[in-house]
Amino acid sequence: MKVNTKVRYGLRAILQIAEGYGKDPVPISAISESQEISGKYLEQVVGTLRKSGLITSRKGVRGGYHLARSPEEINLWEIITALDSHTTLVDCVNDAGICDRSDDCLTRSIWTLLSVRMQEFWSSFKLSDLLNTMHNTGDVNL
């Protein structure tokens with residue numbers, strides 16, 4: 001699995017939004033500036049996160065974005081799958097019908113197992129884990 005730009009930028013954006021959890025909404029302009037992400041592209045990314053129910057928005061002068069749930073309740077797999085629909089290593093893992101050899105393939109079971117383990121790995125990390133790591137290491141660059 002290769003983590004694409006949309007996932008990388010989306011993770012940085014949602015982490016910044018998570019830092020403000022329980023406070024005022026985080027404006028998209030603030031995220032764009034601090035993360036050095038094009039505002040136009042960032043609008044697409046946060047739009048996807050909003051449609052997936054991970055963040056909410058408030059319009060107006062004091063508008064911006066909030067997490068829809070606490071950082072402890074959002075895992076990284078949710079974010080990844082919201083931003084990238086292609087999360088398996090090999091296409092036949094999700095759709096055996098795309099390959100004539102799926103029934104007899106010697107390696108398909110390995111790809112399936114790796115996909116399951118990848119999902120378990122990413123699901124085991126919460127946004128709060130990343131925030132804690134950032135605060136503990138003093139690394140504020142998202």
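Key figures
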{"read-out": "On Cα atoms only, tilt of 39-51 relative to the major axis of the chain in degrees", "value": "70"}
{"read-out": "Relative contact order %, the chain, counting alpha carbon pairs below 8 Å whose residues are six or more apart", "value": "27"}
{"read-out": "Where the chain is the region considered: accessible area per residue in Å², 1.4 Å probe", "value": "61"}
{"read-out": "Nearest-0.05 FRET efficiency for Asp100 and Ser70, computed from C-beta distance (R0 35 Å)", "value": "0.15"}
{"read-out": "Top of Val46, Val116, Val26 by mean-square fluctuation, Gaussian network on the chain, Cα under 10 Å", "value": "Val116"}
{"read-out": "Distance (nanometres) between label positions extended 7 Å along Cα→Cβ at Gln16 and Asn4", "value": "2.2"}
{"read-out": "Probe 1.4 Å, all protein chains present, accessible-area order of Lys59, Lys126, largest first", "value": "Lys59, Lys126"}
{"read-out": "Gain in span if fully extended, Met134 to Tyr41, counting 0.36 nm per residue against the direct Cα distance", "value": "31.0 nm"}
{"read-out": "Cα centre as origin, Lys/Arg/Asp/Glu Cβ charges: region 7-48 dipole, Debye", "value": "140"}
{"read-out": "Cα pair distances of the chain binned at 10 Å [whole percent]", "value": "11, 37, 29, 14, 7, 1"}
{"read-out": "Carbon and sulfur %, accessible surface of the chain computed with the full protein complex present, 1.4 Å", "value": "50"}
{"read-out": "Inter-probe distance in nm under a simple model that places probes 7 Å from Cα toward Cβ, at Asp91 and Thr107", "value": "1.6"}
{"read-out": "Computed magnitude of the charge dipole of the chain (debye, nearest 20; Cβ of K, R +1, Cβ of D, E -1)", "value": "520"}
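The values are calculated or read from the model by the stated rules, or taken from the named source; none is laboratory data. Just so you know, these numbers come straight off a predicted model, no measurement behind them. Backbone-built Cβ (ideal geometry, glycine too); neighbour counts: all protein chains shown. Surface areas here come from the heavy atoms of the whole protein model, side chains and all, with no ligands, DNA or RNA. Shrake-Rupley method; radii C 1.70, N 1.55, O 1.52, S 1.80 Å.
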